[in-house]
């Protein structure tokens, strides 16, 4: 996060210094700009509009605060990656803010459509005092699946384009992948396995396809990191005027 900011007690002590150090080390950013905007949009929107539970609001707010640190270094070092596109290079912050607005708009339109049409109301859930109301568990499932598949594919695409592990390392990849498995794929799979009548959408063919795309891209990312490490072992590459081992 930005200098002088302090994370809540729920955030492990190593998270901020580790992520900040990685970005400073390579003078670049790790998360593709579009999906960093998407991630922040979801954290803000879910906490402010969708969820009714104070604990969940606190959790989303915490995630949004953590995002601020990544955004700070993305704006600071982002121009290093855009010498080939001067307009973007000079306007990284503006590009990010436009993308953030787009993704907030998409989240809002999807949520409003879902809630007003009470999708999943046949399961008898209550939302905003209405029973039966929209099933927000399913709403968050689809939002997370689309976002995760897009994020994983964009990570992989960025690595293929750069052919360099700067801004990322194996520890970050492992934590990100395990976090996705536990927080998205594993969480919903367990609920579907033990309570299928309330979570039939998890086994929907389209949902399975999104899972395979996202998880497959994450696995390919890890394999590609090893290939890149092997191909550049013992060499130094020049990146924007800075030697990177």
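The values are calculated or read from the model by the stated rules, or taken from the named source; none is laboratory data. In this text, all values refer to a predicted model and were calculated from it rather than measured experimentally. Backbone-built Cβ (ideal geometry, glycine too); neighbour counts: all protein chains shown.
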| Just one of 181, 190, 202 is outside the structural domain of residue 41 (by TED's automatic domain parsing), more than 16 Å from the chain's Cα centre (by Cα) and surrounded by fewer than 18 Cβ atoms within 10 Å (Cβ to Cβ); which is it? | 190
| request: Could you please give the count of residues in region 104-157 that are at positive phi and either crowded, with 19+ Cβ neighbours inside 10 Å or modelled with pLDDT of 90 or more (or both)? | output: 2
| request: Considering each residue of region 82-96, count those that are assigned to a helix (DSSP H, G or I) and either touching a strand residue (DSSP E or B) at 6+ places or on another chain (Cβ under 6 Å) or in contact (Cβ under 8 Å) with a residue 60 or more places away in the chain (or both), and give that number. | output: 2
| Scanning for something in contact (Cβ under 8 Å) with a residue 60 or more places away in the chain and either more than 23 Å from residue 39 (Cβ to Cβ) or not in a helix (DSSP H, G or I) (or both), does region 143-162 turn up at least one residue? | no
| said: Going by what's in this entry, would residue 9 be described as out of contact with any helix residue (DSSP H, G or I) (no Cβ under 8 Å at 6 or more places or on another chain), exposed (fewer than 13 other Cβ atoms within 10 Å of the Cβ), at pLDDT below 80 and under 27 Å from residue 140 (Cβ atoms)? | reply: yes
| message | I'd like to check something: does region 35-44 contain any residue that is in a helix (DSSP H, G or I), within 14 Å of residue 92 (Cβ to Cβ), at pLDDT 55 or above and touching a helix residue (DSSP H, G or I) at 6+ places or on another chain (Cβ under 9 Å)? | response | yes
